[in-house]
1. Would you list A:D111, A:D155 from fewest to most Cβ contacts within 10 Å?
2. Is there a quick way to get the dipole size of the stretch A:3-130? I mean about its Cα centre, with the Cβ of Lys and Arg at +1 and of Asp and Glu at -1; what is the value in debye to the nearest 20?
3. Rounded to the nearest angstrom and ordered from largest down, what semi-axes does the equivalent ellipsoid of the stretch B:139-182 get from its C-alpha gyration tensor (root of 5λ)?
4. With charges set only on the Cβ (+1 for Lys and Arg, -1 for Asp and Glu), what does the dipole of the protein assembly as shown come to about its Cα centre, in debye to the nearest 20?
5. Taking the Cβ of each residue in B:C517, B:C370, B:C201, A:C217 as the centre, tally the other Cβ atoms inside 10 Å and list the residues starting with the fewest.
6. Quick one: check the C-alpha center-to-center distance for the stretch A:133-194 versus the stretch B:443-484, whole angstrom.
7. For the stretch A:1-101, run through the trypsin sites (Lys or Arg not before Pro) and keep only the ones in DSSP coil with at most 14 other Cβ atoms within 10 Å of their Cβ.
8. Just the number, please: Stokes-Einstein D of the protein assembly as shown in µm²/s, Kirkwood Rh from C-alpha pairs, 37 °C, 0.692 mPa s.
Amino acid sequence: MLVLDNVHAGYGRFEVLHGINLRVPAGRTVALLGANGAGKTTLLKAAAGLVPVTSGTIRLDGDPVERLAAQKRARRGLMLIPEGRAIFRDLTVRENLAMYAGNRNVGAAVDRAVAAFPILKDRLAQRAGSMSGGQQQMLAVTRALINDARVILADELSVGLAPVVVDEIFEAVDVLRREGRSLVIVEQYVDRVLAVADYVYVLHKGRVALVGEPEQCLRDSVFDQYIGAGAHS
Amino acid sequence: MRQYLPFVVIGLFTGAVYALAAAGLVLTYKTSGVFNFGHGAIGMFAAYVFYHLKTAWAWGTVPAIAVALFVFAPFMGVLLDRVLFRWLGSAGLATYVVASLGLLVFLQGLAVVWKGGNTYRINPFFPTNTFRVPGVSGVYVTVEQALVVGIAVAAGVALTAFFRFTSLGLRTRAVVNDRELTSLVGISPGLVTTLSWMLGCFFAALSAILFVPSLGLDSVLLTLLVLTALGAAAAGRLTSIPITMAAAFAIGVGQSLLVKAVGTRSGLSGLPTSLPFIVLFVILFFARRTTFALPSRAQERVAVVAARRGAAGVRRMPVAQLALLAGAALIVPAVVSGYRLGTATTAVAMVLVFSSLGLLLGLSRQVSLCHAMFVSFGATNLSLLLRSHVPYLPALLLAALLVVPLGVIVAIPSIRLSGLFLALATFGFGKLAQDVLYPTSLAFGARSLASVPRPAAFRGPVAFYYLVVAVAFAGVVVVELLKASRLGRTLRALADSPTAVESLGVNPVASRVIVFCVSAFLAGLAGGLMGTLVQSITPSSFDFFLSLLWVTVLVAAGASTLGGSVLAAGLLVVVPAVITSTKVTEWQPVAFGLAAMIFAQLPNGIMTLVRMPDWSAAWQRVSWKAHHQHRARERHAVGGVPAGAAR
């Protein structure tokens with residue numbers, strides 16, 4: 001379970017997040033929505049330790065983690081899949097999987113990856129950066145599958161992908177949900193993410209503008225104002 | 001053919017040493033994004049540690065080498081990564097170049113303070129008896145040569161295997177590829193970087209210590225091992241360790257064969273030592289812009305620092321300061337005379353040198369490491385022109401103008417690549433010029449001497465002093481005008497975000513080359529003046545090492561304002577003239593090197609801390625209305641964002 005309590009964060013003198021409160025209960029999925037520049041990516045980065053938190057607390061299963069380095073948070077089971085293709089481009093697919101597996105068994109990691117995305121089987125010795133965008137994103141998502149991170153923060157997984165590939169990625173997301181992981185998903189396809197989310201947070205200019213369950217939100221006119229009426233038609 | 005074979009053997013030996021040095025250099029650059037100009041100096045200092053343990057503490061050779069290699073060198077690596085680079089934080093490329101130069105000057109100076117400037121002989125560690133190479137008649141190899149080549153090859157194989165097959169090697173490659181993602185995977189990129197610095201310093205120490213028995217323990221020569229490694233590192237595109245090591249072997253063999261081919265022809269004697277730089281230049285010349293990608297960390301850091309460096313650079317002409325300076329300079333002859341006036345004259349000329357260097361370092365964040373060469377050519381050109389009976393003042397101008405083509409030759413191939421390569425190219429070119437160009441009739445000629453007679457009108461020390469003041473003042477005004485001009489704004493913008501400037505349709509290469517040429521011209525002018533002051537100069541008057549010292553002094557004093565140039569000239573020239581102790585000149589490089597490391601991240605060195613009276617700001621403080629109008633304008637201009645953050 002991940003809890004952000006009055007978190008302020010930003011880049012140098014620019015404060016982007018002005019006191020964020022957010023709760024991700026164990027095994028639940030949170031959809032994080034908002035316009036460009038609302039602070040969604042910064043929120044995920046601050047939670048993962050890539051953007052320093054200036055005040056407020058971040059608790060992972062009750063322990064404060066906001067002063068820990070990114071790698072320490074990762075080792076405690078908090079995983080960020082950043083925007084773009086979050087893979088080591090110059091390493092082979094197998095080497096990527098070995099990096100994701102850490103101290104765990106690499107063979108098992110490879111098996112798990114191939115089970116989820118069979119196409120990766122033929123690509124194991126290939127340089128990861130030379131694969132197609134969809135395959136790269138599959139590899140990036142595989143990181144969550146082979147790792148037992150309890151909280152997964154996923155930033156724009158579907159960006160720039162063909163609809164068929166997006167389906168595959170969301171299947172993987174569904175697997176993670178069924179495994180009982182907590183998820184925070186930033187997503188441009190509002191409908192798709194609302195279909196899997198238990199809670200919705202709408203950010204506006206670095207503040208939480210709206211919190212609720214998906215059905216509740218869809219009925220709320222404020223939600224339409226922030227997300228745009230056409231976005232989930 | 002056969003007579004060349006022994007030279008191949010010698011070449012393989014030196015190539016092995018270069019290979020070890022270059023491997024360490026590339027390793028640390030890859031993982032940290034810091035090109036360590038002090039790499040050779042670290043190796044040099046490790047060799048001095050070894051020497052100290054062996055002679056002063058009477059240790060055996062093996063434990064002394066072991067401590068230098070396995071304790072001192074890794075410790076230096078930790079110190080650099082955890083103290084120096086942590087202190088520098090998210091700085092830009094130029095900051096790292098300058099800080100590592102500071103390290104070079106600091107360690108070299110410290111070695112001289114510690115053990116004196118002499119070269120010490122060291123007995124070979126390995127047996128020197130020779131054996132025949134099987135199958136090749138008439139070629140003998142010493143056990144030492146065979147062992148050193150063996151060590152280098154083994155180290156190359158071991159490094160390659162380390163990266164390919166071990167999990168730490170995989171993690172290192174992951175850090176090189178994407179630092180941030182590595183931390184997200186749960187691995188500390190900092191730890192991996194520290195380890196690679198330890199390993200890199202170990203290689204620096206290993207190469208230096210293996211070289212010491214044949215080269216002698218010499219602080220300058222060992223420090224310059226980094227120069228020789230440059231060519232090989234460039235061949236490996238600063239990323240591939242196997243190619244770098246292979247190129248290092250090729251350079252070693254090539255050098256040795258050149259020694260044989262050149263023989264005793266005196267004019268060409270500098271050619272073999274210059275081979276690495278010739279290789280570097282050929283590679284830079286033919287490289288495409290994409291060949292040398294910056295490591296991810298370097299790019300990140302440049303972006304961050306761009307946001308932070310708000311205060312760098314003066315935006316208006318510092319009229320009050322210029323007037324104050326001119327006034328002070330004019331009354332000097334009333335206060336001092338004799339040799340002190342000579343010191344004052346040198347100091348004024350050095351203000352011009354530093355001002356021209358500041359144009360590069362402070363304004364456009366370009367690092368020139370061959371300014372002493374420009375100064376030197378300014379003097380030799382003047383000498384040649386005066387010998388052809390050109391009148392003094394036109395000759396002085398023409399001499400400085402003739403320095404510009406040299407600047408163009410160095411600048412164009414490297415500037416189009418990146419700021420790092422300008423530093424590398426000028427570093428190499430300074431040495432190349434000293435070894436190859438200085439002995440020719442274009443510079444000092446075979447006599448290694450250039451005489452610059454003073455014109456009759458300025459024969460008196462006071463008259464000449466005023467001439468120097470007039471020329472230097474004109475030069476400084478040009479620099480300040482340039483800073484306040486459109487070109488100055490472009491260069492400041494380029495230092496922050498080249499992409500943004502290019503998108504405005506400005507050619508970044510042209511702007512940078514122009515400012516580099518202006519800088520070379522002014523340095524040449526100062527060189528002519530300083531040559532005329534002492535009336536005869538030698539190749540060592542403006543040794544290329546001086547270029548490095550000047551950069552560290554200026555960075556420490558403050559590279560982006562006039563005050564910094566004046567302070568630099570004062571620290572370098574006036575202080576040792578006032579406190580006439582040999583201790584001062586001895587400790588100067590140590591202090592400047594240290595100061596450069598400490599102040600490298602400040603946009604204007606020490607002068608950032610010393611606030612010069614800013615007349616317009618003072619006016620704003622006095623006038624409440626002006627202050628608020630100014631603030632309102634600033635807020636309006638950037639749409640409500642606090643003014644400081646937007647720059």
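Any read-out appearing in this document is the output of simple, stated calculations on the displayed coordinates, not a laboratory observation. Quantities reported herein were computed from a predicted structural model and do not represent experimental measurements. Note that each Cβ is placed from the backbone with ideal geometry, even for glycine, and that neighbours are counted across all protein chains shown.
1. So the residues, fewest neighbours to most, are A:D111, A:D155.
2. Values: 19 positive and 10 negative charges, 40 e Å.
That gives the stretch A:3-130 a dipole magnitude of about 200 debye.
3. Output for the stretch B:139-182: semi-axes of 35, 9, 6 Å.
4. Numbers: 72 positive and 39 negative charges, 279 e Å.
Dipole magnitude for the protein assembly as shown comes out near 1340 debye.
5. Ranked by crowding around the Cβ, least crowded first: B:C517, A:C217, B:C370, B:C201.
6. So the separation of the two Cα centres works out to 70 Å.
7. A:R13, A:R67
8. Rounded to a whole number, D works out at 109 µm²/s.
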